[in-house]
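Heads up, the thing below is written out as structure tokens.
The values are calculated or read from the model by the stated rules, or taken from the named source; none is laboratory data. Everything quoted here is computed from the prediction, not taken from an experiment. Here Cβ is always computed from backbone atoms with ideal geometry, including for glycine, and neighbour counts include all displayed protein chains.
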């Protein structure tokens, strides 16, 4: 029996709906249709009245979620694509993320964003917005890279009293499978050592974890042991685990699928440079998508973002410094 | 006749694969371009794979109820060249969709610009060679262990441009553990530090042989007998009193002038060198310096020098002649500009112009090492000449 | 607060209650304006002069268990809904003891768990939040609730307004949207804000009921608002009320409103609803001049005491402040920026 990343997300939502009457799901096409990616398939049938279709009104969707949160509910909002969440940007960053700080009333909403690129999805169905949301105080931003984390971190997100931006990678939805769902997990805010090494640290998250692991395999055949750190949560960011890894290896490569300017990779490097400069045996490096919108054509798309091959090349350069 | 592949098409957002549920035609059938060939099922819906062009079904490699990924070959159609051209299939297509290596390494149509990954070359600093470029981590480790760049001179760096990486360093340190190690005395460490600091300046040396017959004769007339080095010391002090600028120190663009002619002299102590100081050596004649000099030598040897007896000197004299050395290039103390060295005296032939022959004289080499930022050869040479003159008339010292 | 019960005596009491809130709001606004000119208030000051009748009518028509999202000119409505005057004064004057604790100021105040929602500055954004509160209560089986959201005519141009009203209509929520068309959004006249003849016509497009209202007319405000609230409470879905008036002050106290023409000020739209209310009460013999004077002086004293109290209170201390925005303490990234 194997379970995909998407099925894990569905299972987590079913689990949440079952265990907590305050939880409900709201979003476009989530009801009978089961969601654009089938993340809520059959949930409306199993939990009548708690999986509700919304009009194409991302702003009002989040505003409504905040209102229900004030009343003690715990809404799970499915944005059809992360790229469309920008229509709700104001409500997310000005309404949801400031509510607790302004009024002491918590805002326990979970906003699920199908994010990241797949071949042919183009500029408006591929974006990675974790850095934009992480920039605003008051939000928790999560980026599970494994089936197990997709499950447990979504459950943890719903249980958190703060607004969570839950970034689910579309490419991993059907491509990533696991044997079974976990019964325990690392807490939110802790990164995971996905692969131990001693020559170089790659810090990354979500789908790029898998590219990094493939790159590490390639480098292993050349005699290098690359350590891969899966951040798991972007905010809060587990600087301690990153620093401990750099302490072991002395070399840091940050990889992200998002654009370079002000991205997660920039944040990690800023922290390590400022706080642990003396651990670096080489200048810290980062690898991101090219600074253009995400292209549609597969040829262009394949070159736009980091791949196992480009990660390996960057790692090799850094190892040779 | 060209064989055109039947490929599993893109079936929708994020669909990775589909299962074959029905073959609508069989090998040997004649089909038209766009005709439905195979029914497949994704987790969202049932869809069909259509013929890429008209032709005869050559074979199906896909099997019923098996799943195939987007881009997999499911079968072949044999088509005429014209038919293939009509559908634009005569140009070979990439066998896998979006494999970045295929794309970047085999550009089509001769437009061969390589696509570089989004990373710039790592900056290798201009002085990143050997032990002179030290990464922050290396510096931190060295600081932790109390090491300086001089200690790393023996490490061949494996990093870019030969820099010493932390791995090189740790290997070097680990390797040390396998060798015989004794603890350096604190004296040794202090001297090492002083010499290393001194060496950060450009040091040069000039030398001059001096006849010491007069000095040796004068010694015999004294009680207690002054050491030969004391004559050199006193001569240096007198010369400095005449022109103290040569003992000035350069700090930035200022010369710091000596405030008093305090001259030190090197005494070998266990595992190191101590430098007791004769204060105001220009103010007292040699005879008055002897007792104090001898006292200081003894105290130094026993390492019982009081604090006020060292430090603050503006020049130093070192007598390596006692080791039998005739010539050496001493290193000035880091806070001093000059050091005067005295070699061993030897009987040397000296051409006597008046007699027209070589006559034996006792000769010793004076060497003056100096911070070349403060002095040039000329000034150094003049100082030596003056000292030499003074030493040939020891009764005046 | 006050129940809307049928019966003319109860109606009269409601009208008096509304009027008293209007007077207090007007005098409070005057006080804030004076404090602003005296340099005692940091940031913006936004007055509701001219809008008191409309605002108070909303506040008295709602039950304390209803939901209210007032906007920047709703001092009267806030008081009528039950806001203690000290809350308003503390927030404006920067007392650490105010409901927003110095983290937000002036009109950006409320008590969300009491159904009194604090606005964010983005116009139109609060409506869907009201929708959410109503939605949640319905999910919990709580019935008979109404949610009121206030906005100006300018806010009806926002996408947020459109999305929220549509959402409320689709969900058939008991939402009362009160649009105070005071003819100007800052300096922008209605001719640059919308092209339809009457904003109330938009209701048809959303499939909701509409009401139009001369907001200078005190009794019309009470009647129309009461009626709209009753319709919503009875399950007839969202109600769009478009109330016409003239803004009798600047957009903020920093604005002299030179763009409002004398003709407009002298038109019937430019009537002061407070004076109209007083005349109404006197005519209907619901109160006499002496009573009005007493209420006025009581209000003045109440306000002065509140201001004096707030001025004695501590202001927020940056060193005592918990500089974190998450309620999950263990997730706060406490990194000191030196």
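All told, residue B:273 falls short of being under 34 Å from the mean Cα position of the chain (by Cα) and buried (at least 20 other Cβ atoms within 10 Å of the Cβ).
In the stretch B:309-397, counting only strands (runs of 3 or more DSSP E) that sit wholly within it, the ones holding 2 or more residues that are over 25 Å from residue B:296 (Cβ atoms) and assigned by TED's automatic domain parsing to the domain that holds residue B:234 span B:346-352, B:357-371. Restricting C:200, C:220 to residues that are touching a residue at least 40 places away in the same chain (Cβ under 8 Å) and outside any strand (DSSP E or B) narrows the list to C:200. Looking across the stretch B:362-377, the residues that are closer than 12 Å to residue B:204 by Cβ and surrounded by fewer than 18 Cβ atoms within 10 Å (Cβ to Cβ) come down to B:372, B:373, B:376, B:377.
Could you please find all residues in the stretch A:48-92 being in a helix (DSSP H, G or I), within 22 Å of residue A:124 (Cα to Cα) and at the interface with chain C (Cβ under 10 Å from one of its Cβ atoms)?
Here is the first cut: in the stretch A:48-92, the residues in a helix (DSSP H, G or I) are A:58-70, A:82-92.
Restricting the remaining residues to those that are within 22 Å of residue A:124 (Cα to Cα) gives A:58-62, A:82-92.
Listed by number, the residues that qualify are A:58, A:59, A:60, A:61, A:62, A:87, A:88, A:90, A:91.
Looking across the stretch A:119-146, the residues that are more than 14 Å from chain C (Cβ to nearest Cβ) and touching a strand residue (DSSP E or B) at 6+ places or on another chain (Cβ under 9 Å) come down to A:125, A:126, A:127, A:128, A:129, A:130, A:131, A:143, A:144, A:145, A:146.
When only residues in the stretch C:129-163 that are in a loop (DSSP other than H, G, I, E, B) and without any contact (Cβ under 8 Å) to a residue 12 or more places away in the chain count, which is nearest to the other protein chains (Cβ to nearest Cβ)?
Pass one, the stretch C:129-163, residues in a loop (DSSP other than H, G, I, E, B): C:140-146, C:153, C:158.
Then keep just the ones that are without any contact (Cβ under 8 Å) to a residue 12 or more places away in the chain; that gives C:140-143.
Numbers: C:140: 7, C:141: 11, C:142: 9, C:143: 14 Å.
Among those residues, the one meeting the criterion is C:140.
Residue-wise test of (1) more than 25 Å from residue B:367 (Cα to Cα); (2) not assigned by TED's automatic domain parsing to the domain that holds residue B:280.
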residue	(1), (2)
B:159	yes, yes
B:194	no, yes
B:245	no, no
B:248	no, no
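Residue-level analysis places residue A:250 outside the set of residues that are touching a helix residue (DSSP H, G or I) at 6+ places or on another chain (Cβ under 7 Å), surrounded by 21 or more Cβ atoms within 10 Å (Cβ to Cβ) and closer than 21 Å to residue A:144 by Cα.
Looking across the stretch A:274-317, the residues that are assigned to a helix (DSSP H, G or I), surrounded by fewer than 22 Cβ atoms within 10 Å (Cβ to Cβ) and over 24 Å from the mean Cα position of the chain (by Cα) come down to A:274, A:275, A:277, A:278, A:299, A:313, A:316, A:317. If residue A:19 satisfies all but one of (1) free of Cβ contacts under 8 Å to residues at least 12 places away in the same chain; (2) within 25 Å of residue C:101 (Cβ to Cβ), what's the number of the condition it fails? Among (1) free of Cβ contacts under 8 Å to residues at least 12 places away in the same chain; (2) within 25 Å of residue C:101 (Cβ to Cβ), the lone unmet condition for residue A:19 is (2).
Hey, can you tell me all the residues within the stretch A:209-264 that are within 14 Å of chain C (Cβ to nearest Cβ) and not in a helix (DSSP H, G or I)? Those that are within 14 Å of chain C (Cβ to nearest Cβ) and not in a helix (DSSP H, G or I): A:231, A:232, A:233, A:234, A:235, A:236, A:237, A:238.
Of the residues screened, residue A:97 is not one that is more than 14 Å from chain C (Cβ to nearest Cβ) and at negative phi. Considering only the stretch B:280-308, state which residues are free of Cβ contacts under 8 Å to residues at least 60 places away in the same chain, farther than 22 Å from residue B:239 by Cα and assigned to a helix (DSSP H, G or I). Selection gives B:295, B:296, B:298, B:299, B:300, B:301, B:307, B:308. The residues of the stretch A:164-192 that are in a loop (DSSP other than H, G, I, E, B) and within 11 Å of chain B (Cβ to nearest Cβ) amount to a single one, A:176. Restricting attention to the stretch A:307-321, the residues that are more than 7 Å from every other protein chain (Cβ to nearest Cβ) and closer than 17 Å to residue A:171 by Cα add up to 1.
May I ask you to say which residue of C:269, C:326, C:248 is in a loop (DSSP other than H, G, I, E, B) and either closer than 24 Å to residue C:28 by Cα or touching a strand residue (DSSP E or B) at 6+ places or on another chain (Cβ under 6 Å) (or both)? Don't jump to the end; show me each part of the working.
Working: C:269 fails: in a loop (DSSP other than H, G, I, E, B); C:326 fails: either closer than 24 Å to residue C:28 by Cα or touching a strand residue (DSSP E or B) at 6+ places or on another chain (Cβ under 6 Å) (or both).
That would be C:248, the only listed residue that is in a loop (DSSP other than H, G, I, E, B) and either closer than 24 Å to residue C:28 by Cα or touching a strand residue (DSSP E or B) at 6+ places or on another chain (Cβ under 6 Å) (or both).
Listed by first and then second residue, the pairs with beta-carbon distance under 9 Å, at least 6 apart or on different chains, first residue in the stretch C:300-314 and at pLDDT 95 or above, second part of a helix (DSSP H, G or I) and surrounded by fewer than 16 Cβ atoms within 10 Å (Cβ to Cβ), are C:303/C:30.
Regarding the stretch C:164-186, can at least one residue be identified that is part of a strand (DSSP E or B), under 23 Å from residue A:57 (Cα atoms), within 14 Å of another protein chain (Cβ to nearest Cβ) and in contact with a strand residue (DSSP E or B) (Cβ under 9 Å, 6 or more places away or on another chain)? First the steps, then the outcome.
Looking only at the stretch C:164-186, we keep the residues that are part of a strand (DSSP E or B), and these are C:175-181, C:184-185.
Among the residues that remain, those that are also under 23 Å from residue A:57 (Cα atoms) are: C:175-179.
From the residues that got through so far, the ones that are within 14 Å of another protein chain (Cβ to nearest Cβ) too are C:175, C:177.
Pick out the ones that are also in contact with a strand residue (DSSP E or B) (Cβ under 9 Å, 6 or more places away or on another chain) and you get C:175, C:177.
Taking every residue of the stretch C:164-186 in turn, at least one turns out to be part of a strand (DSSP E or B), under 23 Å from residue A:57 (Cα atoms), within 14 Å of another protein chain (Cβ to nearest Cβ) and in contact with a strand residue (DSSP E or B) (Cβ under 9 Å, 6 or more places away or on another chain).
Here residue A:229 meets the list (1) at pLDDT 95 or above; (2) closer than 22 Å to residue C:331 by Cα; (3) out of contact with any strand residue (DSSP E or B) (no Cβ under 7 Å at 6 or more places or on another chain) almost entirely, failing just condition (3).
Taking the condition within 7 Å of another protein chain (Cβ to nearest Cβ) and either more than 22 Å from residue C:138 (Cβ to Cβ) or without any contact (Cβ under 8 Å) to a residue 60 or more places away in the chain (or both), does residue A:110 pass? So that I can check it myself, show each step before the final result.
Working: within 7 Å of another protein chain (Cβ to nearest Cβ): no; either more than 22 Å from residue C:138 (Cβ to Cβ) or without any contact (Cβ under 8 Å) to a residue 60 or more places away in the chain (or both): yes.
No: the conditions fail for residue A:110.
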